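All remarks here apply to the structure that follows.
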């Protein structure tokens, strides 16, 4: 489309913003939305995206701040060419279309993509300035708030008669004890949504810069292993047999000494896998019920299995026992809830 012909249909702030950057005549191609409140349009032929987020000024500011910070670490986040926080608009670098998800669907070398992602995490976790940015602390309160999404969104779907508040109080108490070791974990910048839909291959860039990073505005300072969990136990896909272990070994072989022993890292990894899957079991129901986004329910069967396996791997038998006692049938919840609409 030609922007000159369609400017009257654009919200005035958008038209003014584009004109300010000499882009009034650029073609606009809306991109598919995700679970976030942001929207994007590709400015065709310009190597730019128009990002719009008027509902989350904190997230908008964090995106701009973290994009610049990640680039300063030698990683690849979209460069910010212009921003107007008053109207929630930004002009950012367009990384193209080669997401990991798309490339894997086309048969791209799975091992090579995951090796690149692991190496990017190693850069992030070993850079001395990685945490020199203003982000929230991934503390116990935040971890438990995420756990409560299971209680407040999933529990009513499979046990409407259960007292959700009572269930959640007991659930959080057990999880608080389980998560206590994380308070002693070395601090790292955690991007939180480090998975195939938020990673891109930038083949014209050297080394870890070839791994393009998206959707990092929810970044926090916490245990480094969380992003490993996001990557290697992805709700969206099953990795090839043996690949998770191979990538863990790649990380362990080069992990900074501050992270502790291999056993320390693996203990935190399995613990955070269990925490993440538990959150997602509630998060996907919330996206469907509150936000009108039922597509994530397709991942529920996989996440339910991942949650069970992670609880076992982390030695969290007390949590599994609590669920068995209070929520019979929770092990089948993923398969059952995948059919909701």
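Annotations
- Stretchable slack from residue 29 to residue 173, in nm (0.36 nm times residue separation minus alpha-carbon distance): 47.0 nm
- The modelled label-to-label distance between residue 79 and residue 321, using points 7 Å beyond Cα along the C-beta direction, is 5.8 nm.
- Additional length obtainable on full extension of the chain from residue 332 to residue 305, 0.36 nm per residue less Cα span: 8.8 nm
- Axis of helix 57-72 versus longest Cα principal axis of the chain: the two differ by about 80°, to the nearest ten degrees.
- Approximating the spin labels as points 7 Å out from Cα along Cα→Cβ, the residue 162-to-residue 134 distance works out to 4.1 nm.
- Summary value for segment 100-337: 24 percent relative contact order, contacts being C-alpha pairs under 8 angstrom separated by 6+ residues.
- Antiparallel bridges, percent of DSSP beta bridges restricted to the chain (to nearest 5): 95
- Extension gain, residue 291 to residue 102, is 65.5 nm, computed as 0.36 nm per intervening residue step minus the present C-alpha separation.
- Fewest-first ordering of 108, 277 by other beta carbons within 10 Å of each residue's beta carbon gives 108, 277.
- Rounded tilt (10° steps) of 164-179 against the dominant C-alpha axis of the chain: 90
- Taking each DSSP H run with n ≥ 4 as -39500 (n - 2.57) and averaging over every residue of the chain yields -14500 deg cm²/dmol at 222 nm.
- By the count of neighbouring beta-carbon atoms within 10 Å, fewest first, 174, 265 end up ordered 174, 265.
- More than 39 angstrom apart: percent of Cα pairs within the chain: 16
- Ordered by the number of other Cβ atoms lying within 10 Å of each residue's own Cβ, fewest first, 226, 40 fall into the sequence 40, 226.
- Per-selection Rg to Rh, segment 3-93 - Cα, Kirkwood hydrodynamic radius: 0.96
- Anisotropy class of segment 104-203 from Cα gyration tensor, a/c 1.5 cut: oblate
- The distance separating the Cα centre of segment 27-84 from that of segment 227-306 comes to 25 Å.
- Pairwise alpha-carbon distances in segment 205-313 exceed 23 Å for 36% of all pairs.
- For the chain, the longest principal axis of the alpha carbon atoms and the long axis of helix 110-126 meet at an angle near 90°.
All of the numbers you see were taken from the coordinates with simple rules; none came from a lab. Treat the numbers as computed from the prediction; the structure is a model and nothing was measured. Here the Cβ is made from the backbone with ideal geometry for all residues, glycine too, and neighbour counts use every protein chain on show.
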